[in-house]
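Here's the structure, in structure tokens; my notes come after.
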Amino acid sequence: MNKIQLSDEQIKNAYDENFGCFVDSLYYWGEELSEKNWDKKISYEKNAEIFLAVFKGLIDKGLILAITPDCFYDKKTKTYNTTIKKIAREKDAFWDVSSDEMIEYIRSVFPDNLRWLRGGKDSDDEIYAQFWYIDCPGIRWVDKETGEIY
């Protein structure tokens, strides 16, 4: 269960400010949210919880689709070991599980030290890349006006 609840307005702002960006933009948006609302820097732990709340909110509102993480793909059988949804004209296999299951999975693959989610000059690039480019589900954005997937 998420420790942080965001308002519909905050989810809308996250969508409007990050539409089309890579999934890690949702993590950095937490820092902006904190500075705007609480006028202070936040801990890595709180930032991770805000990321999870934004991710869940966008999934629940149908504003993003999660791409099934590679760890669920069996190369031998060329099948997924989880429920997927294929959408016509889209090459990605979208993860068709509840947002709570997605959040539980993401939380389970967080690095031991959440500071590595941030990246930057003092980060461990391998840990950063492992989480954002391999473990964390990628996302595709859904245009709220047209339903088109980006």
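The values are calculated or read from the model by the stated rules, or taken from the named source; none is laboratory data. Keep in mind it's a predicted model, so treat the numbers as computed, not measured. Note: ideal-geometry Cβ built from the backbone for every residue, glycine included; neighbour counts use all protein chains shown. Side chains included, ligands, DNA and RNA excluded: accessible areas come from the protein's heavy atoms. Shrake-Rupley method; radii C 1.70, N 1.55, O 1.52, S 1.80 Å.
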Handout entry: Pairs, first without any contact (Cβ under 8 Å) to a residue 40 or more places away in the chain in segment 17-34, second assigned to a loop (DSSP other than H, G, I, E, B), C-beta under 8 Å, six or more apart
Key = Gly30/Ile42; Glu31/Lys41; Glu31/Ile42; Ser34/Lys40; Ser34/Lys41; Ser34/Ile42
Practice task
For residues that are part of a loop (DSSP other than H, G, I, E, B) and of a type outside the set (S, T, N, Q), scanning just segment 73-89, find the one that is most open to solvent (accessible area, probe 1.4 Å).
Solution key: Arg89
Handout entry: Qualifying position, being at pLDDT below 95 and either outside any loop (DSSP other than H, G, I, E, B) or farther than 21 Å from Ser98 by Cα (or both), among Asp39, Asp16
Key = Asp39
Fill in the blank from the handout: Checked Asp8, Asp70 against criteria (at negative phi, of a type in the set (Asp, Glu) and touching a Lys or Arg at 6+ places or on another chain (Cβ under 9 Å)); the one match is Asp8
Problem - Any hit, segment 90-105, residues being within 20 Å of Ser25 (Cα to Cα), open to solvent by 50 Å² or more (accessible area, probe 1.4 Å) and of a type in the set (Ser, Thr, Tyr) - result: no
Handout entry: In segment 54-72, residue nearest to Gly147 (Cα to Cα) [restricted to those that are open to solvent by 50 Å² or more (accessible area, probe 1.4 Å) and touching a residue at least 40 places away in the same chain (Cβ under 8 Å)]
Key = Lys61
Practice task
Would you mind stating whether Lys56 is in a loop (DSSP other than H, G, I, E, B) and basic (Lys, Arg)?
Solution key: no
Exercise for the section: For segment 28-47, indicate whether the set of residues that are in contact with a Lys or Arg (Cβ under 8 Å, 6 or more places away or on another chain) and open to solvent by 50 Å² or more (accessible area, probe 1.4 Å) is non-empty. Expected result: yes
